[in-house]
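Participant: Pasting in a structure now, in structure tokens, and then I'll have a few things to ask.
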Amino acid sequence: MLAPTAHMLSHRVASMAVSATLRMAQKGRELRAKGYDIISLSLGEPDFDTPEHIREAAKEALDQGYTRYTPVSGLAEFKEAIQHKFKRDNNLDFDLKQIVVSNGAKQSIANICLSILNPGDEVIIFAPYWVSYYEIVKFAGGVPIVISADIDSDFKVSPDQLKNAITHKTKAILFSSPCNPTGSVYTMEELEALAEIIAQDDDIIVMSDEIYEFINFSDQHASIGSIPSMKDRTVTINGMSKGFAMTGWRLGYIGAPQWLAAACDKVQGQFTSGATAFGQKAASIALMSDLSPTHEMKKAFERRKKLVIELLSKIDGMKVNNPQGAFYLFPDISEIFGRTNGKTIIDNADDFCEIMLEQAHVALVSGSAFGNKNCFRLSYAASDDQLVEAISRMQKILSQYH
Ligand code: PMP
Ligand code: GLU
């Protein structure tokens, strides 16, 4: 008798790509466990611990009995803190019924896509895009329509590109600012120009992923949902992972039109229920208290960004821009395609990352995972020493390629 095997998997899951960011992080861990000295610049995760006052708040919450189910859309206390934060930082007014807390912003995005997409509905995704957007849209039955910008336009799409991509099947637009993987930040003027195009169509929803909001070196975070014509059609996505170094806590949230928030609540109620009770309690403290630990982390990222730009710019064939947010660089390496060390050849960004992992022992992520084959992503959420060492190793290996 034969037992069922992987051929039993649904088409939906069989056709889903594995997350390239998580795969590279795992590959780095495995090689390290085998004794290789791997420097991992692959995962987008702050290298700081969650600030102490937030950890203390979680411990207290446990002792106070925050150990049970919470309402699916979140503890009232946390939702009030989110409401306050949206007003304070983003000029967004949400009723508590418009806020839904999830087990990470990733789940928030999945909730929204599952709530709004019918088979064949198109979602315009700005590329370079965060890996999971494409797969979540597909999984929910939607059709990703990618519009791309390259390094010469600071990886930001133009209103004309957006206009040309909109069809009668367009259901939503999805992008992040500050952007993963490029670090690009859309200014309010740029968002207004995009909004003008979007407002011409009554039925387009904007999914604005602002999870890197607090890592913005221009200090001028702009939320597209605060533009009057976008207010009733924008879902603003955010979470605790990046700005508060709380990746492992799994807490994300949205502010959305009420009908959509109710749908996300319903979906989540069948899949996972509410997020962890004591985590939500501590996250309320995080949002309401002094943000200086967040600002200190941002300062460290900005310093490292300068360091990494300076070092990478010295490498022949590497084109780097100066992104204003997040903790990534997305250098264009198309100039080195075709170079060989006599044994291996760098034909594309996948080859480059493979060679860097195997020969320089530096883990990066190929741009192909983010919809751009000319670039690679480097996360500078690592110590100065690690960054200096990683780039020096990369330079050494690359100098053998001609
Ligand atoms: N959006 C973007 C752009 C991200 O980089 C991440 C990081 N994983 C997420 C959403 C999801 O964040 P989380 O699920 O940790 O809240
Ligand atoms: N957002 C981070 C990244 O892009 C974390 C990993 C993930 O969830 O994809 O690396």
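Participant: Out of (1) more than 16 Å from ligand 1 (Cβ to nearest atom); (2) modelled with pLDDT of 95 or more, what's the single condition that is false for Gly371?
Facilitator: It is condition (1) that Gly371 fails.
Participant: If you go through segment 214-227, how many residues are surrounded by 24 or more Cβ atoms within 10 Å (Cβ to Cβ) and more than 14 Å from ligand 2 (Cβ to nearest atom)? Break it down stepwise before answering.
Facilitator: Kept after step one, since they are surrounded by 24 or more Cβ atoms within 10 Å (Cβ to Cβ), are these residues of segment 214-227: 215, 224-225.
Checking the rest, the ones that are also more than 14 Å from ligand 2 (Cβ to nearest atom) come to 224-225.
Qualifying residue count, segment 214-227: 2.
Participant: Tell me, yes or no, whether segment 50-67 has at least one residue that is of a type in the set (D, E, K, R) and within 22 Å of the chain's Cα centre (by Cα).
Facilitator: Initial filter on segment 50-67 (of a type in the set (D, E, K, R)): 52, 55-56, 59-60, 63.
Cutting the leftovers down to within 22 Å of the chain's Cα centre (by Cα) gives us none.
Within segment 50-67, none of the residues are of a type in the set (D, E, K, R) and within 22 Å of the chain's Cα centre (by Cα).
Participant: Quick one: how many residues across segment 360-397 are part of a helix (DSSP H, G or I), within 22 Å of Pro128 (Cβ to Cβ) and not hydroxyl-bearing (Ser, Thr, Tyr)?
Facilitator: So in segment 360-397, the residues part of a helix (DSSP H, G or I) come out as 360, 367-370, 384-397.
Still in the list and also within 22 Å of Pro128 (Cβ to Cβ): 367-370, 387, 390-391, 394.
If we keep only those that are not hydroxyl-bearing (Ser, Thr, Tyr) too, we end up with 367, 369-370, 387, 390-391, 394.
So the count comes out to 7.
Participant: Also, quick follow-up: Which of (1) closer than 30 Å to Ala76 by Cα; (2) crowded, with 20+ Cβ neighbours inside 10 Å is the odd one out, the single condition Glu296 does not satisfy?
Facilitator: That leaves (2) as the condition not met.
Participant: Taking into account only those residues within segment 140-174 that are polar (S, T, N, Q) and in a strand (DSSP E or B), which is nearest to Thr236 (Cα to Cα)? First the steps, then the outcome.
Facilitator: Residues of segment 140-174 that are polar (S, T, N, Q), as a first pass: 148, 153, 158, 161, 164, 167, 170.
Narrowing the set further to residues that are in a strand (DSSP E or B) leaves 148, 170.
On the way: Ser148: 22, Thr170: 19 Å.
Restricting to residues being polar (S, T, N, Q) and in a strand (DSSP E or B), the top hit is Thr170.
Participant: So which residues in segment 71-90 are open to solvent by less than 20 Å² (accessible area, probe 1.4 Å) and in a loop (DSSP other than H, G, I, E, B)? Outline the logic, then answer.
Facilitator: Going residue by residue through segment 71-90, those that are open to solvent by less than 20 Å² (accessible area, probe 1.4 Å) are 73-74, 78, 81-82, 85-86, 90.
Those that are open to solvent by less than 20 Å² (accessible area, probe 1.4 Å) and in a loop (DSSP other than H, G, I, E, B): Ser73, Gly74.
Participant: Can you pull out every residue in segment 12-41 that is open to solvent by 30 Å² or more (accessible area, probe 1.4 Å), within 16 Å of ligand 1 (Cβ to nearest atom) and assigned to a loop (DSSP other than H, G, I, E, B)?
Facilitator: Applying the first criterion (open to solvent by 30 Å² or more (accessible area, probe 1.4 Å)) to segment 12-41 yields 12-18, 22-23, 26-27, 29-37, 40.
Keeping just the survivors that are within 16 Å of ligand 1 (Cβ to nearest atom) gives 17-18, 22-23, 26, 40.
Those that are open to solvent by 30 Å² or more (accessible area, probe 1.4 Å), within 16 Å of ligand 1 (Cβ to nearest atom) and assigned to a loop (DSSP other than H, G, I, E, B): Ala17, Val18.
Participant: On to the next question. In this structure, is Ser184 within 16 Å of ligand 2 (Cβ to nearest atom) and in a loop (DSSP other than H, G, I, E, B)?
Facilitator: Working: within 16 Å of ligand 2 (Cβ to nearest atom): yes; in a loop (DSSP other than H, G, I, E, B): yes.
Against the criterion (within 16 Å of ligand 2 (Cβ to nearest atom) and in a loop (DSSP other than H, G, I, E, B)), Ser184 qualifies.
Participant: In segment 99-119, which residue that is open to solvent by 30 Å² or more (accessible area, probe 1.4 Å) and not in a helix (DSSP H, G or I) is nearest to Asp203 (Cα to Cα)?
Facilitator: Top of the filtered list is Asn118.
Participant: Sort through Gly248, Gly269, Gly274 and tell me the only one that's of a type in the set (Gly, Ala, Ser), more than 16 Å from ligand 1 (Cβ to nearest atom) and either open to solvent by 10 Å² or more (accessible area, probe 1.4 Å) or in contact with a His (Cβ under 8 Å, 6 or more places away or on another chain) (or both). Walk me through it before giving the result.
Facilitator: Working: Gly248 fails: more than 16 Å from ligand 1 (Cβ to nearest atom); Gly274 fails: more than 16 Å from ligand 1 (Cβ to nearest atom).
Result: Gly269 is the single residue among Gly248, Gly269, Gly274 that is of a type in the set (Gly, Ala, Ser), more than 16 Å from ligand 1 (Cβ to nearest atom) and either open to solvent by 10 Å² or more (accessible area, probe 1.4 Å) or in contact with a His (Cβ under 8 Å, 6 or more places away or on another chain) (or both).
Participant: So, one more: What pairs can you find where one residue is in segment 313-334 and open to solvent by 20 Å² or more (accessible area, probe 1.4 Å), the other is at pLDDT below 95, and their Cβ atoms are less than 6 Å apart, with a gap of 6+ or different chains?
Facilitator: Pairs that qualify, where the first residue is open to solvent by 20 Å² or more (accessible area, probe 1.4 Å) and the partner is at pLDDT below 95, are Gln324/Ser218.
Participant: How many residues are touching a Pro at 6+ places or on another chain (Cβ under 7 Å) and either hydrophobic (A, V, I, L, M, F, W, C) or within 16 Å of ligand 2 (Cβ to nearest atom) (or both) if we restrict to segment 228-243?
Facilitator: Final tally of qualifying residues: 1.
Participant: Next question, about the same structure. Return the residue satisfying two criteria in turn: it lies in segment 30-59 and is in contact with a strand residue (DSSP E or B) (Cβ under 8 Å, 6 or more places away or on another chain) and within 13 Å of ligand 2 (Cβ to nearest atom), and of such residues it is farthest from Cys353 (Cα to Cα).
Facilitator: Looking at residues that are in contact with a strand residue (DSSP E or B) (Cβ under 8 Å, 6 or more places away or on another chain) and within 13 Å of ligand 2 (Cβ to nearest atom), I get Glu45.
Participant: If you take the residues of segment 164-175 that are touching a helix residue (DSSP H, G or I) at 6+ places or on another chain (Cβ under 8 Å) and either within 11 Å of ligand 1 (Cβ to nearest atom) or of a type outside the set (A, V, I, L, M, F, W, C) (or both), which of them is most open to solvent (accessible area, probe 1.4 Å)?
Facilitator: Residues of segment 164-175 touching a helix residue (DSSP H, G or I) at 6+ places or on another chain (Cβ under 8 Å): 166, 171-174.
Filter once more, keeping what is either within 11 Å of ligand 1 (Cβ to nearest atom) or of a type outside the set (A, V, I, L, M, F, W, C) (or both): 171, 174.
Details: Lys171: 52, Leu174: 0 Å².
The residue in question is Lys171.
Participant: If Leu307 meets every condition in (1) at positive phi; (2) within 24 Å of the chain's Cα centre (by Cα); (3) open to solvent by 20 Å² or more (accessible area, probe 1.4 Å); (4) not acidic (Asp, Glu) apart from one, which number is that one?
Facilitator: Against the list (1) at positive phi; (2) within 24 Å of the chain's Cα centre (by Cα); (3) open to solvent by 20 Å² or more (accessible area, probe 1.4 Å); (4) not acidic (Asp, Glu), Leu307 comes up short only on (1).
Participant: Which residue out of Ile345, Ile397 is at pLDDT 95 or above and closer than 26 Å to Lys306 by Cβ? Give the derivation first.
Facilitator: Numbers: Ile345 fails: closer than 26 Å to Lys306 by Cβ.
Exactly one residue qualifies, and that residue is Ile397.
Participant: Can you list residue pairs whose Cβ atoms sit under 7 Å apart, with the first residue in segment 359-379 being free of Cβ contacts under 8 Å to residues at least 24 places away in the same chain and open to solvent by less than 10 Å² (accessible area, probe 1.4 Å) and the second being of a type in the set (Asp, Glu) and within 15 Å of ligand 1 (Cβ to nearest atom)? Count only pairs 6 or more apart in sequence or on different chains.
Facilitator: Close Cβ pairs (under 7 Å, with a partner that is of a type in the set (Asp, Glu) and within 15 Å of ligand 1 (Cβ to nearest atom)) do not exist here.
Participant: Determine, yes or no, whether Ala61 is of a type in the set (A, V, I, L, M), over 24 Å from Ile227 (Cα atoms) and open to solvent by less than 10 Å² (accessible area, probe 1.4 Å).
Facilitator: For Ala61, the condition - of a type in the set (A, V, I, L, M), over 24 Å from Ile227 (Cα atoms) and open to solvent by less than 10 Å² (accessible area, probe 1.4 Å) - is met.
The values are calculated or read from the model by the stated rules, or taken from the named source; none is laboratory data. On a predicted model such as this, the values are computed, not experimentally measured, just so you know. Don't worry about glycine lacking a Cβ; one is built from the backbone with ideal geometry, like all the others, and counts go over all protein chains shown. Note: accessible area is taken over every heavy atom of the protein model, side chains too, but ligands, DNA and RNA are not part of it. Shrake-Rupley method; radii C 1.70, N 1.55, O 1.52, S 1.80 Å.
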